[in-house]
4 protein chains.
Amino acid sequence: MLRVAIVGASGYIGGELLRLLHGHPRVTVVAATSDRLAGRRVDGPHPNLRGHTDLCFVGHDTLENTEFDVLFLAAPHRETMGRMAEFLKLARTVIDLSGDFRLRDPEVYASYYGVAHAAPHLIPEFTAGLPEWHRARLTTSDRIAVPGCMATAGILAVRPLALEGLIEGTVRVDARTGSSGSGVSGGAAGAHAERSGALRVFAPSGHRHEAEIAQATDRTVRMTATGVEAVRGVQVLCQVKLASGVSEKEVRSAFRAAYGNEPFVRVIAQRQGLYRLPEPKILTGSNFCDVGFAVSADDGTAVLIGALDNLVKGGAGGAVQCMNVRFGWPERTGLEFFGLHPN
Amino acid sequence: MLRVAIVGASGYIGGELLRLLHGHPRVTVVAATSDRLAGRRVDGPHPNLRGHTDLCFVGHDTLENTEFDVLFLAAPHRETMGRMAEFLKLARTVIDLSGDFRLRDPEVYASYYGVAHAAPHLIPEFTAGLPEWHRARLTTSDRIAVPGCMATAGILAVRPLALEGLIEGTVRVDARTGSSGSGVSGGAAGAHAERSGALRVFAPSGHRHEAEIAQATDRTVRMTATGVEAVRGVQVLCQVKLASGVSEKEVRSAFRAAYGNEPFVRVIAQRQGLYRLPEPKILTGSNFCDVGFAVSADDGTAVLIGALDNLVKGGAGGAVQCMNVRFGWPERTGLEFFGLHPN
Amino acid sequence: MLRVAIVGASGYIGGELLRLLHGHPRVTVVAATSDRLAGRRVDGPHPNLRGHTDLCFVGHDTLENTEFDVLFLAAPHRETMGRMAEFLKLARTVIDLSGDFRLRDPEVYASYYGVAHAAPHLIPEFTAGLPEWHRARLTTSDRIAVPGCMATAGILAVRPLALEGLIEGTVRVDARTGSSGSGVSGGAAGAHAERSGALRVFAPSGHRHEAEIAQATDRTVRMTATGVEAVRGVQVLCQVKLASGVSEKEVRSAFRAAYGNEPFVRVIAQRQGLYRLPEPKILTGSNFCDVGFAVSADDGTAVLIGALDNLVKGGAGGAVQCMNVRFGWPERTGLEFFGLHPN
Amino acid sequence: MLRVAIVGASGYIGGELLRLLHGHPRVTVVAATSDRLAGRRVDGPHPNLRGHTDLCFVGHDTLENTEFDVLFLAAPHRETMGRMAEFLKLARTVIDLSGDFRLRDPEVYASYYGVAHAAPHLIPEFTAGLPEWHRARLTTSDRIAVPGCMATAGILAVRPLALEGLIEGTVRVDARTGSSGSGVSGGAAGAHAERSGALRVFAPSGHRHEAEIAQATDRTVRMTATGVEAVRGVQVLCQVKLASGVSEKEVRSAFRAAYGNEPFVRVIAQRQGLYRLPEPKILTGSNFCDVGFAVSADDGTAVLIGALDNLVKGGAGGAVQCMNVRFGWPERTGLEFFGLHPN
């Protein structure tokens, strides 16, 4: 059994890590930090864990005296980078879920996060935590930066065509997200009466995940982000121009080639049926990212669609999948949940 | 045109008062107070008012220098009673939407609100703001206490049978309510991710509105309150024992007699159909309270049901209706909205 | 009082016409047809009308013997065109809510609706029922074709810039819609358990409203349509390329110029705030279409946003507004409802 | 590996059986019947199964030529009883999810289901499929009748006190249920626009599950059933009178004694916190039934609350749990999912 610790375990991503890691047969959770809730049971803020654990939160400074092999970081953006040097001393393997080590270019980081990067020299040490595209490197990497939720969906939807040169021009992404993406402290904007039934274009441009998709696809990306009525769930609609002469068959082949053997990516592009294109509602709780497409033959464009649960494949599940890859365990270990229908 | 002012205009009840009063042909809103938002436009927190008004919030202390005829109070429970003497100096007619002057017995108030009443001598001056049962007195009353949202539904559902002696024993009320009832500052409990899809028994007993229903029906009332997935809407299910020999026909007659001519109460008790019993979802935005019943002949019990929009008939709309009655205007003035289906 | 009749009054648009026309001080509803429900009360399928009317549905063939001035058609697409000649004999003024007379080019109709147009010679007689752009002609038109719900939002969002030559290239529209747009008989796809929480890309391309927006803006339009969790509500996100050198100020001016005096279009484009861009959730029941925009200075693109209630401004309300214009009544008559917040 | 077959596999309960049984390490699904969909892939109507199985539906008559050990019946009420003799020939162990063999008294059945029982002689052969109360008998039973969803919640909430004689008088149950309980063919009542946001008292009295709770608790039970906004989820609120002198401590002890060692029942009765009483929203997908209570010391009453996922613990999960008990496997096998928060 490997020993794992979680920094920032009181938030939604932290709770999801606790859920997945408690159900994981190869690890034991030895510490879950929350300075605010130190001493309190983890099943207080995470009531789904009742009956599964008696673990209590510990203050951050107890980590120094705790031995563990893997450290999951679910701390806030901007705050994580300043503490990374310290974190790296604590464990051999560090899996970061913040946004601080995803972008390889510190200047891009500065322009999207509004502050200079505090530890640019550490960025190159991190591998992108997307096994579908970086599996080989992840088997030996001890610094892993898990991509953002909307970025994961966008990258998985766009990269197969981008890498094969099947698309050209700007990629226009419309991302829709549930309320859990805003975290525990959603504030006034997150109050139920305001957020319920919303179709809130909270980022008509400049969302940070746009930069991640651009980096991973080597294309100009323009993204809008809309909050929709859902707790969990992300869906991206990506409008692309196909390169001259590219057929629907080639598009399908590229997706099949990229993901045919992937344990957590399904290609969903049917001609009919209620669920003929990816939808997050049947992915809640699961680690799947469904990707699909619809080609408009008449004008050579296509819509690429990705869907996932932002707290699982777009967060804690993706991180656990990376750990599985890193330690050579079967990739589905602890991530077997199928998703629900209806839901 | 009568001049009206609103204390506590930044909250949800305040916003609903602004909506209804701006659409009311007999009044003009001369002041809307919010110490926190003084100087800001009212259509900031109440975006549905955009294009209808250029009004800005004013600080509370400006009221002294403003002339108006009617003062609506949408200030918090417990806080209102201490300031009532002051409020009464400001306007001839005061319509209070807090809970502080609804209960006639200060000891009952103390036991339900957890504090001694600060102005018990003023309680007798207030008339219950329920035109269906106190219309005559309301035509001359200048101190009106509008009942609580769940209380309004419960009283309208139970009182026709209670007054006629058609029921006996304890009345058991199960009240369900949307999130807007918790007000603007719902706090952590009101965060969308926590509140969405909730079936939260937040008051298994002892809810304050229980005391109002008991007072108005002269019966022992036991009430549970559950938060359900909705922004607006209250529904009460009241289980009662019919007095010996009372038939369904008598029940129906009692409801018809009580509400046959009421502008805002509809008796809904059909044998079939999707909407054969009262449901708040088709009442959103309207001032209706639908009441209905289902009699179990075999054991002499009945379920009495009431439904309304907590911010309208259960709050601001009820208050405006009282004003209409007080000033002799047609009771539907400014309250004509039918409600929506589907919705 | 003008006498009005409704064909197809049992559906959701029909019900909304009944709601609005019963609240309209200048008209009286003399007939509401439904062959299926003939003889039944209209407040059966439209329970929000209880207490407001005793009207019953009549069979279609009774219309011949009824006198009325205005005929509203809420019959299905494809079926309406074949019966239009007959309808035109029944009333002086015909307001059609089907899709059959919106597209001026029968070939475009054929390509989007999959059948040849049955009455192409009648198409030129119809005026587009969008007062914001055709008010003058509507004052004298007796054949009015009300645009589709998503088309109304899209046209109102895009046309100000398109007409002024401020945009170039293809307009990419992402349209989101609630479940009521599918009508009463939503079928298996509309079952709550399947439709709840959906993010269903039901038309990745080729939606019929695309053709309407293209026709009204004289631009190439590519539209995706997604069903979202809502009963009512449409929102369109339109990604456009600004013509060279066009500034945000010019964009704002164009919107102000187009809609500054409109009774039912509000320009919502604030720098901050929860509702800084248009959202349908605060428009439910109202006849407003809110339009807004966000300009990306760095790459000369903009997102144009429109939101409305598909059954009101995107259907029955738009039709009533046209009637008001046609008969010279104040345009807001019968359409005064503000919309609700929170909701 | 045991071989299992499912009759009626195209419905929601059938789909949930497929989900759970495909993830179960001790069984293999050899047949899933649906006469309507014979030959079609099971992941068509159950899209969450994509990637997990290539199974296709078979017609019912193929079962005769298939060998299997356990037969799960997810066929409709009333239809199942007439075919039970035939079903019992097909497999050694039959687990029935219909309502036909739950009630021990055929006359009670007739009064609640409106038809005479077609196979009353078979009723005594069935054991109630509730391991918490019948575990010993289930280890040897080959005819198992899984209780209804609301009945499971109600029985688990009420029986600990009823059996210990801690309550007296009538038990009043208010049951709330999501839309999936109505099955795939919800009809017009199940259309999203009608069902969304509903608080539909579809059974003010006489619901069939009432009889099950009465039978299992030996008390008079009066139940109302309300459809609420949710796809999955059942919650029951049971109002009981405590026997004279019974304290909260005794109530707690009774629950602890009954369920302290149960793998799938958690006693949730905290003094504070958001989730201090059972709520279905954190149980979606899990096999837990959370039970809790709130005692009103002043009048000797209590509210007993049960919550579960109607398709899992209230259906397919309960059935799988029974199978685990029957075959001596660890009871949590295949049912490990924790439930999600937030959700």
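The values are calculated or read from the model by the stated rules, or taken from the named source; none is laboratory data. Quantities reported herein were computed from a predicted structural model and do not represent experimental measurements. Cβ sites come from the backbone with ideal geometry, for glycine too, and all protein chains shown count toward neighbours. Remember, those area values only see protein heavy atoms, side chains included, never the ligands or the DNA or RNA. Shrake-Rupley method; radii C 1.70, N 1.55, O 1.52, S 1.80 Å.
Here are the numbers for the structure shown:
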{"item": "Those residues of segment A:134-155 which are open to solvent by 20 Å² or more (accessible area, probe 1.4 Å) and either modelled with pLDDT under 95 or among the aliphatic types (A, V, I, L, M) (or both), in sequence order", "result": "A:Ala136"}
{"item": "Failed condition for B:Pro131, given (1) more than 28 Å from A:Ala189 (Cβ to Cβ); (2) open to solvent by 10 Å² or more (accessible area, probe 1.4 Å); (3) outside the structural domain of B:Lys89 (by TED's automatic domain parsing)", "result": "(2)"}
{"item": "Restricting segment B:52-74 to residues that are aromatic (Phe, Trp, Tyr) and farther than 23 Å from B:Gly285 by Cβ, the residue that is nearest to the other protein chains (Cβ to nearest Cβ)", "result": "B:Phe57"}
{"item": "All positions within segment C:156-177 that are part of a helix (DSSP H, G or I) and either open to solvent by 10 Å² or more (accessible area, probe 1.4 Å) or not assigned by TED's automatic domain parsing to the domain that holds C:Leu277 (or both)", "result": "C:Arg159, C:Ala162, C:Leu163"}
{"item": "Within segment B:181-212, considering residues that are of a type in the set (S, T, N, Q) and open to solvent by 40 Å² or more (accessible area, probe 1.4 Å), the one modelled with the lowest pLDDT", "result": "B:Ser185"}
{"item": "Index of the failed condition, C:Thr224 passing every other in (1) at the interface with chain A (Cβ under 10 Å from one of its Cβ atoms); (2) under 17 Å from the mean Cα position of the chain (by Cα); (3) more than 26 Å from C:Leu20 (Cα to Cα)", "result": "(2)"}
{"item": "Hits in segment B:312-339 - residues which are touching a helix residue (DSSP H, G or I) at 6+ places or on another chain (Cβ under 6 Å) and facing another protein chain (nearest Cβ under 8 Å)", "result": "B:Phe338, B:Gly339"}
{"item": "Filter pass, A:Gly197 being assigned to a helix (DSSP H, G or I), within 24 Å of B:Gly187 (Cα to Cα), in the same structural domain as A:Gly154 (by TED's automatic domain parsing) and not basic (Lys, Arg)", "result": "no"}
{"item": "Members of segment A:107-118 that are open to solvent by less than 70 Å² (accessible area, probe 1.4 Å) and under 22 Å from the mean Cα position of the chain (by Cα)", "result": "A:Val108, A:Tyr109, A:Ala110, A:Tyr112, A:Tyr113, A:Gly114, A:His117"}
{"item": "The one condition in (1) over 24 Å from A:Met223 (Cβ atoms); (2) touching a Leu at 6+ places or on another chain (Cβ under 8 Å); (3) in contact (Cβ under 8 Å) with a residue 40 or more places away in the chain that C:Gly227 fails to fulfil", "result": "(1)"}
{"item": "Sole exception among (1) open to solvent by less than 60 Å² (accessible area, probe 1.4 Å); (2) among the small types (Gly, Ala, Ser); (3) assigned to a loop (DSSP other than H, G, I, E, B) for B:Gly51, by number", "result": "(1)"}
{"item": "Number of the condition not met by A:Ala211 [criteria: (1) away from chain C (no Cβ under 14 Å); (2) within 27 Å of A:Met84 (Cβ to Cβ)]", "result": "(1)"}
{"item": "Which numbered condition B:Ile123 fails, given (1) buried (at least 23 other Cβ atoms within 10 Å of the Cβ); (2) among the aliphatic types (A, V, I, L, M); (3) assigned to a helix (DSSP H, G or I)", "result": "(1)"}
{"item": "Matching option when the condition is acidic (Asp, Glu) and open to solvent by less than 10 Å² (accessible area, probe 1.4 Å), among A:Glu16, A:Glu79, A:Glu64", "result": "A:Glu16"}
{"item": "Unique residue being at pLDDT 95 or above and assigned to a strand (DSSP E or B) when the list is A:Leu71, A:Leu88, A:Leu63", "result": "A:Leu71"}
{"item": "Matching residues in segment D:272-282 - criterion: being touching a helix residue (DSSP H, G or I) at 6+ places or on another chain (Cβ under 9 Å) and either at pLDDT below 95 or more than 9 Å from every other protein chain (Cβ to nearest Cβ) (or both)", "result": "D:Gly273, D:Leu274"}
{"item": "Residue count, segment C:208-229 (criterion: among the hydrophobic types (A, V, I, L, M, F, W, C) and not in a helix (DSSP H, G or I))", "result": "4"}
{"item": "Residue selected from segment B:230-261 under the condition in a loop (DSSP other than H, G, I, E, B) and surrounded by fewer than 24 Cβ atoms within 10 Å (Cβ to Cβ), by the criterion farthest from the other protein chains (Cβ to nearest Cβ)", "result": "B:Gly245"}
{"item": "Failed item in (1) within 27 Å of C:Gly169 (Cβ to Cβ); (2) open to solvent by less than 20 Å² (accessible area, probe 1.4 Å); (3) at pLDDT 95 or above, with C:Ala269 passing the rest", "result": "(3)"}
{"item": "Qualifying position, being small (Gly, Ala, Ser) and outside any loop (DSSP other than H, G, I, E, B), among B:Ser180, B:Ser205", "result": "B:Ser180"}
{"item": "Boolean, C:Leu103 is in contact with a Leu (Cβ under 8 Å, 6 or more places away or on another chain) and either outside any loop (DSSP other than H, G, I, E, B) or buried (at least 17 other Cβ atoms within 10 Å of the Cβ) (or both)", "result": "no"}
{"item": "Residue match in segment C:101-113 (condition: farther than 26 Å from C:Ser141 by Cβ and at pLDDT 95 or above)", "result": "yes"}
{"item": "Residue list for segment A:288-316, filter: farther than 23 Å from C:Glu229 by Cβ and of a type outside the set (Asp, Glu)", "result": "A:Phe293, A:Val295, A:Ser296, A:Ala297, A:Gly300, A:Thr301, A:Ala302, A:Ala316"}
{"item": "Close pairs from segment C:23-51: first within 11 Å of chain B (Cβ to nearest Cβ) and touching a residue at least 60 places away in the same chain (Cβ under 8 Å), partner among the hydroxyl-bearing types (Ser, Thr, Tyr) and crowded, with 20+ Cβ neighbours inside 10 Å, Cβ under 7 Å, at least 6 apart", "result": "C:Pro45/C:Ser10"}
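This table checks each residue for (1) touching a Leu at 6+ places or on another chain (Cβ under 8 Å); (2) at pLDDT 95 or above; (3) of a type in the set (Ser, Thr, Tyr); (4) part of a strand (DSSP E or B).
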{"residue": "A:Thr284", "(1), (2), (3), (4)": "yes, yes, yes, no"}
{"residue": "A:Phe293", "(1), (2), (3), (4)": "yes, yes, no, yes"}
{"residue": "A:Asp299", "(1), (2), (3), (4)": "no, no, no, no"}
{"residue": "A:Val303", "(1), (2), (3), (4)": "yes, yes, no, yes"}
{"residue": "A:Gly306", "(1), (2), (3), (4)": "yes, yes, no, yes"}
{"residue": "A:Gly314", "(1), (2), (3), (4)": "yes, yes, no, no"}
{"residue": "A:Ala319", "(1), (2), (3), (4)": "yes, yes, no, no"}
{"residue": "A:Val325", "(1), (2), (3), (4)": "yes, yes, no, no"}
{"residue": "A:Gly328", "(1), (2), (3), (4)": "no, yes, no, no"}
